[in-house]
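Novice: Pasting in a structure now, in structure tokens, and then I'll have a few things to ask.
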Amino acid sequence: RLRVLSGIQPTAGSFHLGNYLGAVRQWVALQESHDAFYMVVDLHAITVPQDPAELRANTRLATAQLLAAGVDPDRSALFVQSHVAEHAQLAWVMNCLTGFGEASRMTQFKDKSARQGADRTTVGLFTYPVLQVADILLYQAHQVPVGEDQRQHIELTRDIGERFNTRFGDTFTIPEPYILKETAKIYDLQDPTIKMSKSASSPKGLINLLDDPKATAKKVKSAVTDTDTVIRYDPVEKAGVSNLLTIMSVLTETPIADLEKSYEGKMYGALKTDLAEVMVDFVTPFRTRTQEYLDDPETLDKILAKGAEKARVVAAETLAQTYERIGFLSAR
Ligand code: AQP
């Protein structure tokens, strides 16, 4: 069986619709056919300041949301990144194989550090793509289900993995990004030229899955469209409408062409009203399930302990092999 790995940050509290449609939905689907490793990436979270109590609560909250979305801890290893020490250990090795210029070209870093200002940007934020390289290579993952914004980091992972293999002998599986075209990038509802994002979106442009469903419906109904009236998929000319069609299509599992047909002659309001209803039907049970998992932190922690145990077996083997290949003296 092929192996998949992915991670999500426990930073914002609620997952947003971009996280779910761009990544988590694929995690759930892939666990049917793949050996899956899914983690809450708390090491990545601390690249920007975090309140300790909030970070702890958000780590459980992220886990609860993954379970509510359908990640099955019996089939997938669901764990917290800091519970598997090998991530940080392999990251150091990968840092030593990454060029400074190479890391400086990562656009996510450039965007995030520009938003934070140079004074507040940490070295951790600079090297977080390299930690991601380690995250992926550690599990010998074949595929990495992520949104489009992560493509460059998967490219970096491939480059560094190949570099290591060339220099020290075949050690790492070289991964492929697993990015679905339709949901690669979900856009901000108020500015459909930018991706929906917890840090760049305005509150009205961002659909948090744990928002009050009424607020969600309101955001959908006030989504920015255009001055034309035709409901047609055209991401260049009609970015807002196309984004709504994408979301509708995925959540109702209806091809976009069928949606276009059924909305022929109808106004944007009709699409928005229907989508608002679909969204509410989706987020309402999601919220309930998340709360049920949160109400039982002991079970959550047990799930995470079991997940970390599964993950450690693979991680330890890869790290031991890596250390041996680069010439570290065996500790045993
Ligand atoms: N708008 C999006 N469309 C499709 N996929 C998306 N992802 C994020 N936004 C979109 C994917 O979600 C996964 C988890 O990403 P993350 O852990 O980086 O989550 P985040 O930091 O909360 O995502 P943001 O909102 O994008 O954060 P900022 O604003 O800090 O940059 C990834 O697979 C990602 O591709």
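Coordinate-derived values only; no laboratory data. None of these values were measured; they are calculated from a predicted model. Glycine also receives a Cβ, built like all others from the backbone with ideal geometry; neighbour counts cover every protein chain displayed.
Novice: Apply 1/(1 + (r/R0)^6) to the Cβ-Cβ distance of GLU176 and SER262, taking R0 = 41 Å, and write down the FRET efficiency to the nearest 0.05.
Specialist: Details: r = 35 Å, r/R0 = 0.86.
Here the calculated transfer efficiency is 0.70.
Novice: Given LYS195/LYS219; LYS181/LYS261; LYS238/LYS272, which pairs have Cα atoms separated by over 19 Å? Present the calculation step by step, with values, prior to reporting the outcome.
Specialist: On the way: LYS195/LYS219 16 Å; LYS181/LYS261 21 Å; LYS238/LYS272 15 Å.
Cα-Cα > 19 Å for LYS181/LYS261; rest within.
Novice: Follow-up question, since we're still on this one. With a cap of 12 neighbouring Cβ atoms within 10 Å, and only residues DSSP puts in a loop, list the chymotrypsin sites (Phe, Trp or Tyr not before Pro) found in region 73-123. Before the final figure, lay out each step's value.
Specialist: Values: sites: PHE79, TRP92, PHE100, PHE109; in loops: none.
Answer in residue order: no site qualifies.
Novice: Indicate the helices, whole DSSP H runs only, in the chain that combine a mean Kyte-Doolittle hydropathy of 0.0 or more with a Cα extent along their long axis of 18 angstrom or more.
Specialist: Values: long enough: 52-69 (25 Å, 0.19); 123-138 (22 Å, 1.62); 151-168 (25 Å, -1.23); 239-252 (20 Å, 1.51); 268-294 (38 Å, -0.10); 297-326 (41 Å, -0.25).
Helices meeting the criterion: 52-69, 123-138, 239-252.
Novice: While we're here: Could you please report the charge total around THR229, scoring K, R as +1 and D, E as -1 over all other residues with beta-carbon less than 11 angstrom from its beta-carbon? Working shown, then result.
Specialist: Working: positive: ARG232, LYS238, LYS266; negative: ASP226, ASP228.
Within the 11 Å Cβ shell, the charges total +1.
Novice: Which aspartates and glutamates, if any, have their Cα less than 17 Å from the Cα of LYS306, not counting same-chain residues under 8 positions apart?
Specialist: Partners found: ASP35, ASP72, ASP74, GLU86, ASP296, GLU298.
Novice: Right, something else. Taking K and R as +1 and D and E as -1, what net charge do the other residues with C-beta under 15 Å from the C-beta of SER82 add up to?
Specialist: Taking every Cβ under 15 Å from that of SER82, the sum is -2.
Novice: With a/c under 1.5 counting as rounded, go ahead and sort region 105-207 into rounded, prolate or oblate using the C-alpha gyration tensor (a ≥ b ≥ c being the square roots of the eigenvalues; past the cut-off, prolate if a/b is larger than b/c, else oblate).
Specialist: Working: a/c = 3.28, a/b = 1.57, b/c = 2.09.
Taking the square roots of the gyration eigenvalues as a ≥ b ≥ c, region 105-207 is oblate.
Novice: Rounded to the nearest 5, what % of DSSP beta bridges with both residues in the chain are antiparallel?
Specialist: Details: 3 of 17 bridges.
Counting only bridges with both partners in the chain, antiparallel ones make up about 20 percent.
Novice: Further question: May I ask for the net charge around LEU5, where only other residues with Cβ less than 11 Å from the Cβ of LEU5 are counted and Lys, Arg are +1 while Asp, Glu are -1? Numbers along the way, then the final one.
Specialist: Working: positive: ARG3; negative: ASP35, ASP135.
It works out to a net charge of -1.
Novice: Hey, another quick one. Under a plain spin-label model, where a point goes 7 Å from the Cα along Cα-to-Cβ, how far apart in nm are VAL313 and THR107?
Specialist: It works out to 4.0 nm between the two label points.
Novice: Counting other C-beta atoms within 10 Å, and keeping those with at most 12, which DSSP coil GluC sites (Glu not before Pro) do you find in region 9-112?
Specialist: On the way: sites: GLU32, GLU54, GLU86, GLU102; in loops: GLU32.
Passing both the DSSP loop test and the Cβ count: GLU32.
Novice: Next up: When the label point is put 7 Å from the Cα of ASP119 along its Cα-to-beta-carbon vector, which residues of region 9-51 have a backbone N closer than 17 Å?
Specialist: 49
Novice: Between the DSSP loop rule and a limit of at most 12 other Cβ atoms within 10 Å, which chymotrypsin sites (Phe, Trp or Tyr not before Pro) in region 165-258 are left?
Specialist: Loop-located and lightly packed - none at all.
Novice: May I pose another question? Please give, to one decimal in nm, the separation of the simple spin-label points placed at GLU277 and ARG289, each 7 Å out from Cα toward the Cβ.
Specialist: Simple spin-label model gives 2.3 nm for this pair.
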